[in-house]
Amino acid sequence: LDAILAGCAATYSNVHRGAHFLSGESTTAFEKARESAQKFVHAKRLEEIVFTKGATEAINLVAFGLGQSLLKAGDQVLITELEHHANIVPWQILRDTIGIELVVAPIDASGGLDMAEFAKLLTPRTKLVAVTHIANATGAVNPVADIVHLAHEAGAQVLIDGSQAVPHRAVDVQALDADYYVFSGHKLYGPTGIGVVYGKAALMEVLPPYQTGGDMIASVTFEHTDFQDIPHRFEAGTPDIAGVIGLTAAIDYIDQLGWDWIRAHERELLDYGVEMLNGIAGVHLVGAGAERSGVLSFTVDGIHPHDLGTILDQSNVAIRAGNHCAQPLLAKLGLYASARASLGLYNDRGDLDALKAAILRAQELFGR
Ligand code: PLP
């Protein structure tokens with residue numbers, strides 16, 4: 001917030017336009033933020049970073065562009081049962097508008113992606129694999145390096161939804177060889193309304209723009225428009241300059257803490273939380289496959305997650321209750337809703353103790 005206020009107070013002006021000092025300063029701050037996002041995901045080139053209003057818009061940007069270029073009727077887009085609605089619905093729209101086939105790779109009994117089934121579903125018709133890095137509803141971690149490798153062998157491009165991964169682990173898009181990698185700022189301790197698409201330059205250069213208008217053009221006549229080069233071609237209109245400044249501050253914060261500390265902190269809390277929840281009779285952790293990250297998703301016998309959320313709130317314990325924008329996954333797990341405690345940098349064991357006490361109180365209230 002301090003960074004946003006300072007940025008706005010010092011240079012509140014639009015980017016890439018005015019010849020005046022303030023616009024120049026704003027543009028410098030904006031483009032420096034692009035550098036910081038580039039370093040954060042280890043992109044090779046600065047132009048490979050495009051700012052959006054979040055992961056949802058980022059996936060829509062790629063889906064729209066591919067729907068206008070690469071994808072044709074009969075082509076397959078392969079997703080998984082672990083996806084957030086944001087990585088399901090844009091592909092359904094392409095199914096309904098241009099006739100692609102949407103194929104869904106299943107999870108196994110442990111809640112992780114069934115890699116054998118995934119591999120079988122890759123066909124010469126698979127043009128894109130769109131998978132989450134970490135499932136927001138359960139915390140299941142996908143083996144994205146293996147997924148990219150298999151998909152590339154099959155000739156498909158890969159989009160990774162990194163929304164839940166970027167706050168929990170260092171991401172190196174070059175090492176992963178991801179074609180597109182997207183995330184939102186607000187899951188990274190940054191502001192809402194800002195997100196990023198990383199896309200390999202060679203692919204972004206041929207991807208049609210998702211939105212058109214000011215700032216993304218090189219020249220316009222009433223007859224014809226030439227677009228700017230990447231990344232500006234994908235950033236039509238006035239961008240969220242304050243959001244971009246806030247995102248940079250969030251990335252700086254992560255950098256200061258360092259991944260070693262962040263990973264160790266998360267590991268400690270996850271182990272503590274899993275043991276604690278497994279130790280309460282009537283509480284069931286939702287399976288997350290071989291590796292769990294970030295969240296503890298669970299149910300309590302005889303208490304609807306919404307009721308649980310309300311009771312926990314009275315003890316100042318804030319959890320998310322519901323389908324987590326992943327209705328197909330919850331349905332597959334035989335659930336309508338779950339309770340989900342998300343573990344952040346600001347949490348400690350005391351918070352998990354408070355969660356336990358609040359669950360016990362809810363069970364008492366419900367006579368369980
Ligand atoms: N993908 C995943 C895995 C998410 O968890 C979310 C948000 O919860 C999204 C996509 C959508 O992000 P946003 O709402 O910031 O666009």
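The values are calculated or read from the model by the stated rules, or taken from the named source; none is laboratory data. Predicted, not measured: the structure shown is a model, and the values here were computed from it. All Cβ positions, even for glycine, are placed from backbone atoms using ideal geometry, and neighbour counts span all protein chains on display. Just so you know, the surface numbers come from the protein's heavy atoms only, side chains and all, with ligands and any DNA or RNA stripped out. Shrake-Rupley method; radii C 1.70, N 1.55, O 1.52, S 1.80 Å.
Summary table
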| quantity | calculated |
| --- | --- |
| Residue match in the range 356-363 (condition: of a type in the set (A, V, I, L, M, F, W, C) and open to solvent by 70 Å² or more (accessible area, probe 1.4 Å)) | yes |
| Among residues of the range 37-56, those that are within 16 Å of the ligand (Cβ to nearest atom) and surrounded by fewer than 21 Cβ atoms within 10 Å (Cβ to Cβ), counted | 1 |
| The range 66-110, residues that are within 16 Å of the ligand (Cβ to nearest atom), aliphatic (A, V, I, L, M) and assigned to a loop (DSSP other than H, G, I, E, B) | L82, I88 |
| Close pairs from the range 200-215: first over 19 Å from V173 (Cα atoms), partner in a loop (DSSP other than H, G, I, E, B) and open to solvent by 40 Å² or more (accessible area, probe 1.4 Å), Cβ under 9 Å, at least 6 apart | V206/L70; G214/R17; G214/T238; D215/N14; D215/H16; D215/R17; D215/Q228; D215/T238 |
| Test set (1) of a type in the set (K, R); (2) under 30 Å from T97 (Cβ atoms); (3) under 23 Å from the mean Cα position of the chain (by Cα) - K72 fails condition number | (3) |
| Options N316, N347; residue that is of a type in the set (S, T, N, Q), touching a helix residue (DSSP H, G or I) at 6+ places or on another chain (Cβ under 8 Å) and closer than 15 Å to M276 by Cβ | N347 |
| Tally, over the range 340-355, of residues that are buried (at least 17 other Cβ atoms within 10 Å of the Cβ) and within 16 Å of the ligand (Cβ to nearest atom) | 4 |
| Selection count, the range 306-336, where residues are touching a Lys or Arg at 6+ places or on another chain (Cβ under 8 Å), more than 16 Å from the ligand (Cβ to nearest atom) and within 24 Å of E266 (Cβ to Cβ) | 2 |
| Test: residue in the range 116-127 that is under 22 Å from A55 (Cβ atoms), under 20 Å from the mean Cα position of the chain (by Cα) and touching a residue at least 40 places away in the same chain (Cβ under 8 Å) | no |
| Of all residues making up the range 197-225, the number that are touching a Phe, Trp or Tyr at 6+ places or on another chain (Cβ under 9 Å), open to solvent by less than 80 Å² (accessible area, probe 1.4 Å) and farther than 16 Å from A63 by Cβ | 4 |
| Only one of S338, S342, S293, S315 that is modelled with pLDDT under 95 and not aliphatic (A, V, I, L, M) | S315 |
| From the options N142, N136, residue that is within 17 Å of the chain's Cα centre (by Cα), closer than 22 Å to I194 by Cβ, within 16 Å of the ligand (Cβ to nearest atom) and surrounded by 22 or more Cβ atoms within 10 Å (Cβ to Cβ) | N136 |
| Breaking point among (1) open to solvent by 20 Å² or more (accessible area, probe 1.4 Å); (2) outside any strand (DSSP E or B), for A288 | (1) |
